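The values are calculated or read from the model by the stated rules, or taken from the named source; none is laboratory data. Computed from a predicted structure; not experimentally measured. Using ideal geometry, Cβ is built from the backbone for each residue, glycine included, and neighbour counts are taken over all protein chains shown. Surface accessibility is based on the protein's heavy atoms, side chains included, excluding ligands, DNA and RNA. Shrake-Rupley method; radii C 1.70, N 1.55, O 1.52, S 1.80 Å.
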Amino acid sequence: MAATAETKGPSTLRNAFGGVLGVFILLLIGVLAFSIRLFSVIKYESVIHEFDPYFNYRVTQYLTKNGIYDFWNWFDDRTWYPLGRVIGGTVYPGLTLTAGSMWWLLNSLNIPLSVETVCVFTAPIFSANAAWATFLLTKEVKGTGAGLTAAVLLAMVPSYISRSVAGSYDNEAVAIFALVFTFYLYIKTLNTGSLFYATLNALSYFYMVCSWGGYTFIINLIPMHVLLCILTGRYSSRLYIAYAPLVVLGTLLASLVPVVGFNAVMTSEHFASFLVFIIIHVVAFIYYIKGILSPKMFKVAMTLVVTIGLAVSCAVIAIFIALVASSPTKGWSGRSLSLLDPTYASKYIPIIASVSEHQPPTWPSYFMDINVLAFLVPAGIIACFLPLSDASSFVVLYLVTSVYFSGVMVRLMLVLAPAACIMSGIALSEAFDVFTRSIKLQLPNILDNPPDAGDMNSVSSIAQNDASKIDSHATTKSETVSKERPSRKNRKKEKEKEKENVEKVPSHSENKKRLLVLPLEASAVAILLLIVLGGFYVVHCVWAAAEAYSAPSIVLTSYAHDGLHVFDDFREAYAWLRHNTDVDDKVASWWDYGYQTTAMANRTVIVDNNTWNNTHIATVGTAMSSPEKAAWEIFNSLDVKYVLVVFGGLVGYPSDDINKFLWMVRIGGGVFPHIREPDYLRDGQYRIDAQATPTMLNCLMYKLSYYRFVETDGKAFDRVRRTEIGKKYFKLTHFEEVFTTHHWMVRIYKLKPPKNRIRGKLKKPKSSSKSSSSNHKRAGNTQKNPWQ
Amino acid sequence: MHPLGLYLTSFSYQEIEKKLRMAKSTSSDAQMLIRSLRTAYAATPTNLKIIDLYVVYAIVTAVIQVVYMGVVGSFPFNSFLSGVLSCVGTAVLAVCLRIQVNKENKEFKDLPPERAYADFILCNLVLHLVIMNFLG
């Protein structure tokens with residue numbers, strides 16, 4: 001008794017110390033995750049980045065000003081003129097509600113932070129939360145050490161940083177936290193079988209549905225995992241408790257969110273969960289019957305049930321398939337289809353195909369975004385298999401599916417990041433486990449008696465005896481993991497292999513599971529090398545955060561020979577619009593700038609980044625591709641007063657409207673067939689120099705971009721396209737230039753009012769003849785321009 | 001008659017006899033099955049039988065609602081959905097409770113039944129809160 005009490009004393013002290021150290025490390029991880037995302041605030045200013053966050057910011061402003069009931073019922077008439085947009089029913093409210101409640105809480109505590117500050121810093125705060133959630137999840141899978149490693153990897157992984165810097169106020173900022181936290185609660189329920197955690201899991205899933213459209217990933221991954229468990233014979237009552245309440249509560253909670261609504265029961269994205277719900281009930285029933293019947297009677301029951309059940313289920317499935325197949329998209333939404341079939345978007349939905357984030361990633365982007373983790377992940381997969389538990393099979397499945405989806409779209413590298421961090425955390429933790437154990441067990445032997453070359457066998461076997469006595473969680477996995485290590489350390493390769501063969505012989509002679517113990521020097525060098533590897537990872541992450549992902553894209557900088565140039569043209573243009581136009585004036589631009597225009601300039605726009613109405617966007621695209629008069633007609637019919645064009649030719653800004661012009665033609669041509677793409681191409685290329693087609697040189701986009709451009713340097717050399725433009729001297733007949741920013745990056749034009757007197761031929765009143773002639777013509781030849 | 005034909009008819013007669021015997025045996029098997037199921041189920045403790053009765057009641061209510069929807073149409077679809085899902089949900093939760101309270105379940109022998117019942121109540125509270133909100 002005394003001996004055990006003695007051994008318990010130091011061990012509890014060590015456990016307590018370990019616990020405190022763990023909490024302290026977690027705190028530091030949170031601080032790290034928060035601070036690494038602050039580069040943009042330090043380098044530029046505390047400003048909202050990009051395009052989508054401006055919409056979220058505007059919605060949050062409205063929420064904080066008008067309260068939640070007005071927010072749910074808000075109909076926004078300042079976008080998609082004249083259609084408007086039902087904000088309450090089409091926005092994922094999670095992010096705005098989170099930031100709004102943080103702002104409200106701080107203000108009620110008399111800490112007067114502005115809404116903008118709260119919005120800018122929401123993402124770093126929730127990335128710290130995501131790191132802690134990753135710790136909890138990995139702890140459930142493998143233990144505290146793996147959890148801490150995974151958390152510190154996630155705090156710094158560049159792929160997650162890219163979407164959650166301070167200022168990137170977008171859905172993914174809170175959604176990744178919700179994703180990992182939901183997975184953690186699912187695994188916790190699976191491990192403990194407690195209904196309490198199942199309830200929490202459903203609530204966390206509700207938060208995820210509120211936050212991001214990627215929630216369909218959860219509601220398909222979890223049923224896949226349940227199916228996997230059933231098929232591999234791992235069905236248990238804990239699995240039922242983990243899954244069945246989640247489906248019912250989760251479906252209900254998902255239908256509560258207005259954006260999802262009845263889609264939660266009617267779209268194909270959710271059918272997998274219902275199917276597996278039925279399957280798990282059947283399996284549970286079978287196990288129950290098996291438990292109360294004798295084996296002979298059970299066989300009889302099975303034959304009976306199988307014959308009857310097969311007939312019934314075939315009929316039901318046939319009806320179901322007929323129902324689903326009768327809808328044109330088989331019940332899937334366009335976005336999900338483009339994920340499942342990577343070529344779908346480019347064939348059918350050009351808008352989805354045009355977004356640069358929706359392109360497949362290249363190989364270098366994997367190394368840029370998850371760096372060292374890319375080759376630690378396979379080691380982690382193997383570590384998960386030894387031994388395989390429900391939780392580790394889930395993480396492996398999560399990794400495999402997210403790798404597939406990340407290969408479809410660059411944007412989904414973000415979903416891969418937590419999976420990669422978990423796997424790498426497991427791998428690194430197992431490796432450190434083996435090496436430190438080797439050192440710990442061999443150190444006293446080395447200190448007591450000096451090492452002898454021939455004695456290595458006895459030393460290692462003594463160490464192995466100690467190892468098998470001390471630790472009862474056998475780890476044959478460490479054997480395999482350590483086999484991975486030698487493949488990266490070429491110097492020690494032969495020596496370690498020989499030692500392992502020698503060690504394997506005594507280990508096979510005894511049936512007890514032994515822990516692998518490697519030679520002392522090899523372990524020490526290996527630990528050093530792993531630390532160096534971690535150092536490379538940290539250096540890369542900090543560089544990526546500072547240089548690559550911190551640009552706010554509303555302010556641009558460049559380093560010229562005479563110092564730092566700051567291009568603040570966008571805000572200049574929006575401020576001009578805000579101060580020099582009427583509140584009710586409509587501004588037309590390409591859809592990229594819609595959110596920023598409504599948020600910063602506070603003017604009504606025609607199309608914005610929501611891109612829900614393809615025809616409306618095609619209308620604007622057609623107007624930009626048409627000659628001046630036709631474009632004026634189109635814009636006049638939409639009550640547009642100002643047209644905004646982004647032009648990068650003077651300074652070399654590559655994402656301007658001329659480079660986006662091909663999408664205007666394609667999207668416009670997709671809806672209005674009189675816009676034909678070959679009209680704008682010379683030898684299959686879009687050109688704006690002297691070789692350009694006349695249609696190109698006469699279209700509105702060309703004219704609005706290059707009006708008076710020749711006055712800048714006399715030669716009209718376009719720095720982005722690297723040529724002189726084709727038509728240099730021309731006048732605008734239907735538009736007048738009202739503002740051009742300092743570096744000519746944003747140009748604003750006003751529609752000229754129609755002339756009072758028409759000189760020359762008296763035109764017939766257009767209304768009656770136009771309608772009759774257009775009706776007549778539409779019946780016969782659909783290629784005609786609908787506006788003439 | 002041709003000897004082969006005789007052989008064939010006798011063969012078919014044997015087949016028919018065999019099929020009749022099989023059918024009789026399957027029906028007798030089915031009877032035996034039902035009897036053994038009944039005796040095995042009678043052996044379950046009363047508290048589990050009460051939970052089972054509750055589950056059956058909830059499922060029957062759900063079926064009644066679906067039939068009603070089939071007759072009347074699904075116009076306030078959210079009401080229909082919340083009604084059916086509340087029945088299915090409380091049935092599922094009752095099954096979870098049964099799993100956790102069942103003494104024969106090795107995995108849950110450390111779990112006090114009061115804790116299981118408290119979790120059941122909590123989950124039902126959340127479920128019904130959501131139902132009330134969604135009922136419309």
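Data overview
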quantity	calculated
Pairwise FRET efficiency - A:V532 versus A:S11, Cβ, R0 = 45 Å, nearest 0.05	0.85
Residues with amide H under 5 Å from that of A:C699, placed H, sequence gap 5 or more	none
Calculated FRET value between A:V259 and B:Q14, using beta carbons and R₀ = 56 Å, to 0.05	0.25
Estimated [θ] at 222 nm from DSSP helical runs (n ≥ 4, -39500 (n - 2.57)) normalised by residues in chain B, nearest 500	-30500 deg cm²/dmol
Cα gyration tensor, region A:565-751 - rounded (a/c under 1.5), prolate or oblate	oblate
Chain B: C-alpha gyration tensor shape, a/c 1.5 cut-off, then a/b vs b/c	oblate
Packing rank of A:530-543, A:370-383, where each peptide gets the mean count of other beta carbons within 10 Å, highest leading	A:370-383, A:530-543
Residues listed by number, region A:206-241, amide nitrogen under 20 Å from A:M302 label point at 7 Å toward C-beta	A:228-237
Accessible area of chain B belonging to carbon and sulfur atoms, whole % at 1.4 Å probe	71 percent
Spacing of the two label points (7 Å from each Cα toward its C-beta) at B:F75 and A:L443, in nm	7.8 nm
Shielding score for B:113-122, defined as the mean number of other chain Cβ atoms within 10 Å	3
Chain lengthening between A:L564 and A:K752 when straightened (0.36 nm per residue, less Cα-Cα)	63.8 nm
Point-to-point label distance, A:L231-B:S28, nm (Cα→Cβ direction, 7 Å offset)	4.2 nm
Region B:31-136: trypsin sites (Lys or Arg not before Pro) falling in loop per DSSP and having at most 13 other Cβ within 10 Å	B:K103, B:K109
Shielding by other protein chains, B:38-47, mean Cβ within 10 Å	1
Length gained when the stretch A:R578-A:E724 is fully extended (0.36 nm per residue, less Cα-Cα span)	49.2 nm
Accessible surface buried once A binds B (1.4 Å probe; total of both sides; Å²)	3000 Å²
Pairwise label distance in nanometres, A:F367 with B:V56, each label 7 Å out on the Cα-Cβ vector	6.7 nm
Theoretical FRET efficiency, 1/(1+(r/R0)^6), r = Cβ-Cβ of A:K290 and A:F385, R0 25 Å, to 0.05	0.30
Region A:164-178 and region A:198-253: distance between their alpha carbon centers, rounded to Å	23 Å
GNM result for chain B, Cα springs below 10 Å: residue of B:A62, B:A91, B:A30 fluctuating most strongly	B:A30
Local net charge near A:S294, Cβ-Cβ under 14 Å (Lys/Arg +1, Asp/Glu -1)	+4
Net charge of Cβ neighbours under 12 Å - reference A:A573; Lys, Arg +1; Asp, Glu -1	+1
Ranked packing of A:66-74, A:399-407, most packed first, by mean Cβ within 10 Å	A:399-407, A:66-74
